[in-house]
Amino acid sequence: MFFFSACNPGIRNGGFFMESKKEIYDSMPDGSYPRTEILNACASANIINQKLERSRIGFPFIAKPDMGQRGSAVKKIDTIEGLLKYSGRCEFNFLVQQLIPFKNEVGVFYVRFPDEKKGRITGIVSKEFMIVTGDGRSTLEQLMRRNPRYEMQIPKLRREFGKRLQEILPVGEKRNLVPYGNHIRGSKFVDHSHLISEKLTETIDNLCKEIPGFYFGRLDIMYDNWPDLENGKNFMVVEVNGASSEPTHIYDPGHSIFFGWKEIMRHVRYMYQISAINHKKGVPYLTHKSGVKEYRDYVEHNKKFEGF
């Protein structure tokens with residue numbers, strides 16, 4: 001039942017649940033991801049300040065759970081007061097992460113069979129952030145109401161922004177309300193799989209082969225421009241997602257539900273085949289008893305994000 005735990009031997013449970021983002025970052029090449037520090041849920045203000053100074057992470061930055069998915073409890077932190085407020089609400093270990101300077105984001109799905117020397121890219125999704133443009137009259141909330149996708153985020157942003165949603169933007173000024181590409185936090189996903197090329201495949205393959213025991217998953221990447229990304233320059237990996245990865249290019253509004261089902265099954269098949277090969281090489285499957293326990297722990301852990 002838990003065959004997927006063998007697809008990425010270098011990641012706990014193959015990256016399906018209860019994996020540590022910090023442990024994955026630590027297995028990656030230096031410079032391929034933003035500066036990141038982990039803080040315990042019970043960390044004092046002094047410890048927090050010491051770790052920020054040591055890691056040279058300055059405001060603003062991103063705070064997010066060390067174990068979490070789908071953008072749960074991910075926040076942009078602008079001040080020490082905001083960080084202490086975030087920390088005070090946490091019942092989980094969390095990461096503080098340097099804000100990546102690049103403006104574009106894609107998700108690149110990567111697959112490599114353990115008995116092959118070269119991997120492949122099976123899909124690319126481009127992420128359009130939740131950005132509003134001022135007209136000199138309307139509040140941020142009013143601007144959001146003009147887009148059905150954005151309007152759905154108003155209750156969550158009211159809790160986060162408070163009265164700041166009543167700010168009026170000058171004519172032409174743009175504001176990115178959620179500075180990370182998450183589908184359930186308002187970003188629009190567009191299928192850019194047509195951009196798969198030999199050069200990009202080589203760049204992604206070289207990076208992924210430096211991550212021990214990683215064969216299947218999606219890399220969320222921020223980059224400056226496409227030619228540089230293809231040539232392995234001016235980009236950073238936001239996260240590496242393992243067995244629980246979705247081929248998120250299926251969420252392009254132009255695709256049908258049937259396209260989505262087909263792509264999901266294609267990737268589940270890849271995951272099974274990779275897991276079976278790794279198992280033959282000696283990688284154990286998660287037992288039913290252990291898998292059920294891990295899943296229950298995962299469900300309980302996710303309850304800690306309620307209210308964020």
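Every number in this text was worked out from the coordinates using simple rules, so none of it is lab data. Remember, it's a predicted structure, so these values are computed and weren't measured experimentally. FYI the Cβ positions are ideal-geometry reconstructions off the backbone, even for glycines, and counts take in every protein chain you see.
Observations
- At most 15 other Cβ within 10 Å, DSSP loop - trypsin sites (Lys or Arg not before Pro), the stretch 107-181: 117, 118, 137, 145, 146
- Cα-based helix-to-principal-axis angle, 45-55 vs the chain, degrees rounded to 10: 60
- Between 271, 152, 130, the Gaussian network model of the chain with springs among Cα atoms under 10 angstrom shows the greatest mean-square fluctuation at 152.
- Mean residue ellipticity (222 nm) of the chain, computed from DSSP H runs ≥ 4 via -39,500 (n - 2.57), nearest 500: -9500 deg cm²/dmol
- The GluC sites (Glu not before Pro) of the stretch 218-307 that DSSP puts in a loop, and whose beta carbon has at most 13 other beta carbons within 10 Å, are 306.
- Convex hull of the stretch 1-133 built on C-alpha atoms - directionally averaged projected area, nm²: 10.7
- Taking other C-beta atoms within 10 Å as the exposure proxy, 208, 7, 90 rank 90, 208, 7 from fewest upward.
- Compactness relative to 2.2 N^0.38 Å, alpha carbon Rg of the stretch 171-240: 1.30
- Across the stretch 103-207, Cα pairs under 8 Å and at least six residues apart give a relative contact order of 36 percent.
- The stretch 115-201 - Kirkwood radius from inverse mean 1/r over Cα pairs (Å): 15.0
- Anisotropy class of the stretch 121-272 from Cα gyration tensor, a/c 1.5 cut: prolate
- Loop-located chymotrypsin sites (Phe, Trp or Tyr not before Pro) in the stretch 180-218 (DSSP state other than H, G, I, E, B) with a sparse environment of at most 10 neighbouring Cβ atoms within 10 Å are absent.
- Within a Gaussian network of the chain (alpha carbon springs, distance under 10 Å), most fluctuating of 14, 242, 291: 291
- Protection proxy ranking for 92-98, 33-39, using the average of other Cβ atoms within 10 Å per residue and placing the highest first: 92-98, 33-39.
- Length-normalised contact order for the chain - Cα pairs under 8 Å, 6+ apart - percent: 27
- Ratio of the Cα radius of gyration of the stretch 130-178 to 2.2 N^0.38 Å, where N counts its residues: 1.00
- Neighbour net charge for residue 103 - beta-carbon separation under 12 angstrom, K R +1, D E -1: -1
- Dimensions (Å) - the chain, Cα atoms, principal axes, largest first: 63, 45, 35
- Exposure proxy ranking, count of Cβ atoms within 10 Å, fewest first, for 238, 190: 190, 238
- Size descriptors for the stretch 35-99 (Cα atoms only): Rg and Dmax, in that order, 10.4, 30 Å.
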